[in-house]
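For reference, the structure discussed in these notes is given below.
The values are calculated or read from the model by the stated rules, or taken from the named source; none is laboratory data. None of the values given here were measured: they were computed from a predicted structure. Note that we place each Cβ from the backbone using ideal geometry, even for glycine, and neighbour counts take in every protein chain shown. Protein only, heavy atoms only, side chains kept; ligands, DNA and RNA dropped before computing areas. Shrake-Rupley method; radii C 1.70, N 1.55, O 1.52, S 1.80 Å.
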Amino acid sequence: MRRKLAAGNWKMNGTGDALAELTALLTAQPDPSCDVLVCLPATLLHRAAEAVRGRYLKIGAQDCHAAASGAHTGDISAAMLIDAGASHVILGHSERRADHGETDAQVRAKAGAAQAAGMTPIVCVGETLSQREAARALDVIAEQLSGSLPDDARFVVAYEPVWAIGTGKVATLDQIAEIHAHMRRLLTARYGDAGQPVPLLYGGSVKAANAAEIFAVPDVDGALVGGASLKAADFAPIVAALSAQ
Ligand code: 13P
């Protein structure tokens, strides 16, 4: 049985005051029947982990370095993130692929490092608008999965079409269904039974108003939510919608 996962990605938002949103989320959704994770800026991880200690809410990070330690000024290793309280780490988000030129090979190396340290990577893939318009979405996703995923199947995959991130443009339910079925087939071909527990998340302008219909799409096991994860009032109904599935 695959676990459902509602994951938030705060991106580069939030200072200490914002942690009140996590406690508000715990109050609004005291006992959801899905996994819930919030991926925070590294500066908040430790305080967040302390704030939610003993509760169901998991804390995640948004990137890690591929090396275990060493001369990499400004970077953070997977072991450091675990030490700060993170159980998951988002890797290969399209914003990192665009802003930092991250390649599939780098994402794969980071995912391996995260697993070796004991964290669960959330590997992000997604086509751009021009790739979709050129009818290349399926090939792009296949290439990114093939190049970015580690050999050990203990990870989460997030499908985030680049054109749907922060734009208010959600992929249609048919588009989501097509890509998720494609990803599930590719995972089965590569990992066999070991790939079955891998949750497939959709990301891109998910909000309370569209969450339930997206969660009802076959092969969608949850969401990776950006803007609507910043406020408990917006994220709690998304958690409730997944919990009700
Ligand atoms: P939005 O939900 O703000 O579109 O962001 C999606 C995303 O990039 C999550 O990682």
- [ ] Residues being under 15 Å from the mean Cα position of the chain (by Cα) and within 20 Å of Ala109 (Cβ to Cβ): count how many of those fall in region 37-86.
- [x] 7
TODO: For region 151-163, indicate whether the set of residues that are among the β-branched types (Val, Ile, Thr), in contact with a strand residue (DSSP E or B) (Cβ under 6 Å, 6 or more places away or on another chain) and under 22 Å from Asp99 (Cα atoms) is non-empty.
DONE: yes
TODO: Return the residue satisfying two criteria in turn: it lies in region 169-204 and is open to solvent by less than 50 Å² (accessible area, probe 1.4 Å) and small (Gly, Ala, Ser), and of such residues it is nearest to the chain's Cα centre (by Cα).
DONE: Gly203
TODO: Please work out which one of (1) open to solvent by 70 Å² or more (accessible area, probe 1.4 Å); (2) under 19 Å from the mean Cα position of the chain (by Cα); (3) away from the ligand (no atom under 16 Å from the Cβ); (4) within 17 Å of Ala98 (Cβ to Cβ) is the condition Gly166 fails and give its number.
DONE: (3)
Task: Residues that are part of a helix (DSSP H, G or I), more than 7 Å from the ligand (Cβ to nearest atom) and either within 16 Å of Thr167 (Cβ to Cβ) or among the aromatic types (Phe, Trp, Tyr) (or both), drawn from region 205-228 - done: Ala209, Asn210, Ile214, Phe215
TODO: Looking only at region 229-245, count how many residues are aliphatic (A, V, I, L, M), in a loop (DSSP other than H, G, I, E, B) and within 14 Å of the ligand (Cβ to nearest atom).
DONE: 1
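Residues checked against (1) modelled with pLDDT of 95 or more; (2) crowded, with 18+ Cβ neighbours inside 10 Å; (3) not in a helix (DSSP H, G or I):
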{"site": "Leu138", "(1), (2), (3)": "yes, no, no"}
{"site": "Ile141", "(1), (2), (3)": "yes, yes, no"}
{"site": "Leu145", "(1), (2), (3)": "yes, yes, no"}
{"site": "Ala158", "(1), (2), (3)": "yes, yes, yes"}
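Filter region 100-119 down to the residues that are assigned to a loop (DSSP other than H, G, I, E, B) and open to solvent by 30 Å² or more (accessible area, probe 1.4 Å), then identify the one that is nearest to the ligand (Cβ to nearest atom).
Looking at the filtered set, the residue picked out is His100.
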Task: Enumeration of residues in region 51-89 that are open to solvent by 70 Å² or more (accessible area, probe 1.4 Å) and part of a loop (DSSP other than H, G, I, E, B) - done: Arg53, Gly54, Arg55, Ala68, Ser69, Ala71, His72, Thr73, Gly74, Asp75
Task: Residue that is nearest to the ligand (Cβ to nearest atom), among those in region 65-99 that are under 23 Å from Gly166 (Cβ atoms) and in contact with a Ser or Thr (Cβ under 6 Å, 6 or more places away or on another chain) - done: Gly92
Task: Residues (touching a strand residue (DSSP E or B) at 6+ places or on another chain (Cβ under 7 Å) and assigned to a helix (DSSP H, G or I)) located in region 1-32 - done: Leu22
